[in-house]
Amino acid sequence: MKKMILLLAVASLSMPLSAQDGSVSGSKHSVVTNRFWSNWFVQGNVTWNAFYGADGGRRMLTAPFHQFPSGGGQGYTGLGMSVALGKWFTPGLGLRTKVNAWRLGSKSDGGVEPDKYWAANEQVLLNVSNLLLGYNGQRVWNVIPYIGAGINRNMSQNHYSTQLSCGLLNTFRLSRKVSVNAEIGWNSWEAANQGLGLKKRHQQLTAEIGLTLGLGKSRWEKATDTGASEALLLGEIDALNAQLADVHYANQLLQEELAKKCPEPTYNTAAVAEVERKPETVMVTAPVSVFFEKGQARLASSRDRQNVQSLAETAKNAGCRVVVTGYADSKTGGAERNRKLSELRAQAVADELVRLGVGREKIEVVAAGGVDTLAPADNNRRATIELK
């Protein structure tokens with residue numbers, strides 16, 4: 001008796017295990033890159049300004065708190081305002097364009113007219129809270145030092161000069177898009193007709209308080225932990241290999257038992273040849289998962305696209321049906337929203353299979369809705385592909 005031919009086409013064993021695009025497994029600093037129009041902000045502040053003149057003012061700690069003497073370029077104070085437009089490119093690095101306007105002194109200061117100023121600076125922001133502790137969208141207090149450069153104009157004297165700036169910005173979260181600012185800064189600019197050098201520059205101490213308003217998407221999403229996803233796939237492969245070994249061993253025992261108990265039959269040569277030309281094929285495959293970002297229903301990972309392509313080739317060669325089941329994370333969003341999202345994810349995978357040559361009539365789409373069967377929760381944002 002000829003041996004039965006058992007062909008095991010295990011599609012998942014041929015699928016690449018390259019790292020998922022745009023994430024670092026298990027890092028507290030790993031976030032998904034946002035679109036350009038996300039993470040913008042505007043700020044408005046009321047400012048207090050203290051001036052230290054380059055022409056021999058009083059000592060640093062006392063100059064701003066004394067009246068401005070008639071005819072002397074020493075130290076005095078004044079109020080102003082500032083506005084800024086900025087963007088966070090990562091949770092730790094941002095840029096802002098800031099414009100300040102203020103006046104110093106008053107007519108009561110020895111009868112001298114107040115000086116009026118404005119300045120525009122481009123500043124680099126470093127959120128050290130996120131850089132040191134990792135991103136946390138619920139953090140109440142963020143510490144943000146900055147440095148910058150720009151131009152300064154004394155409108156009273158019609159004088160332009162370069163300006164350097166540095167300072168410390170503190171933000172206190174009120175809601176997802178609104179924060180309170182408390183900022184202290186130091187500015188330095190060239191004095192008219194004073195030449196070069198640090199001692200020939202005017203100095204300014206500023207204290208500001210105001211609000212920050214986030215524009216567009218203001219949060220960052222944690223990157224998917226691909227280590228857990230790969231462990232899940234490897235676990236499926238190990239289980240399938242164990243099943244394969246069991247089938248081989250059981251088949252071997254069955255053949256030995258049949259050889260002992262059954263006499264050798266007489267064969268019709270032509271019939272045997274026909275059977276040998278058309279061996280029975282058994283297809284065994286484990287479901288393969290395709291993972292999605294939070295709230296998304298598009299294939300973004302090159303590894304997932306390669307997995308779908310491998311399944312499509314197997315399905316076309318075997319002529320079998322394909323069942324695509326979509327899932328969502330039940331801990332995020334309502335039941336109806338998760339059902340719709342799971343359907344969109346399954347349909348996105350089905351569309352990719354059709355594009356790769358699988359007949360749409362051979363594809364069944366199932367929307368499983370929100371689930372919490374896998375840990376971490378990110379792994380529930382997926383679709384599975386199974387050959388039948």
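Going through the cross-link list LYS217/LYS362; LYS98/LYS294; LYS316/LYS340; LYS87/LYS116, which pairs have a Cα-Cα distance over 31 Å in this structure? Don't skip to the end; give the middle numbers.
On the way: LYS217/LYS362 40 Å; LYS98/LYS294 34 Å; LYS316/LYS340 29 Å; LYS87/LYS116 29 Å.
Violating the 31 Å Cα-Cα cut-off are LYS217/LYS362; LYS98/LYS294.
Step through the residues of region 95-102 one at a time and calculate ³J(HN,Hα) from phi using the Karplus curve (6.51 cos²θ - 1.76 cosθ + 1.60, θ = phi - 60°), rounding each to whole Hz and writing x for Gly and Pro.
Per-residue couplings from phi come out as 10, 9, 9, 10, 10, 10, 9, 7 Hz.
Please work out the average accessible area per residue across region 122-187, using the 1.4 Å probe convention, and give it in Å².
Accessible surface, normalised per residue, equals 51 Å².
Give me the percent of the accessible area of region 286-388 that comes from carbon and sulfur atoms, probe 1.4 Å, all protein chains in place. Show your work: numbers first, answer last.
Working: 2120 of 4570 Å².
The C+S portion of the solvent-accessible surface of region 286-388 is 46 percent.
Keeping all protein chains in the complex and leaving out DNA, RNA and ligands, what accessible area do you get for HIS248 with a 1.4 Å probe, in Å² to the nearest 10?
100 Å²
Any idea what the relative contact order of region 136-175 is, in percent, if you count C-alpha pairs under 8 Å spaced at least 6 apart?
Values: 55 pairs, mean separation 20.4, N = 40.
With pairs under 8 Å counted, the relative contact order is 51 percent.
If you count only protein heavy atoms with a 1.4 Å probe, what accessible area per residue comes out for region 333-374, rounded to a whole Å²? Let's see the in-between values first.
On the way: 2250 Å² over 42 residues.
I get 54 Å² per residue for region 333-374.
Quick one: accessible surface of GLU386, probe radius 1.4 Å, all protein chains present, in square angstrom to the nearest 10.
About 60 Å², rounded to the nearest 10.
What's the ranking of 343-355, 163-175 by average number of surrounding C-beta atoms within 10 Å, highest first? Walk me through the numbers before you get to the answer.
Details: 343-355: 20.0, 163-175: 16.9.
Sorting 343-355, 163-175 by mean packing, highest first, produces 343-355, 163-175.
The values are calculated or read from the model by the stated rules, or taken from the named source; none is laboratory data. Note that the structure is predicted; figures quoted are calculated from it, not measured. Please note: Cβ atoms are built from the backbone with ideal geometry, for glycine as well, and neighbour counts cover all protein chains shown. For accessibility, only protein heavy atoms count, side chains too; no ligands or nucleic acids. Shrake-Rupley method; radii C 1.70, N 1.55, O 1.52, S 1.80 Å.
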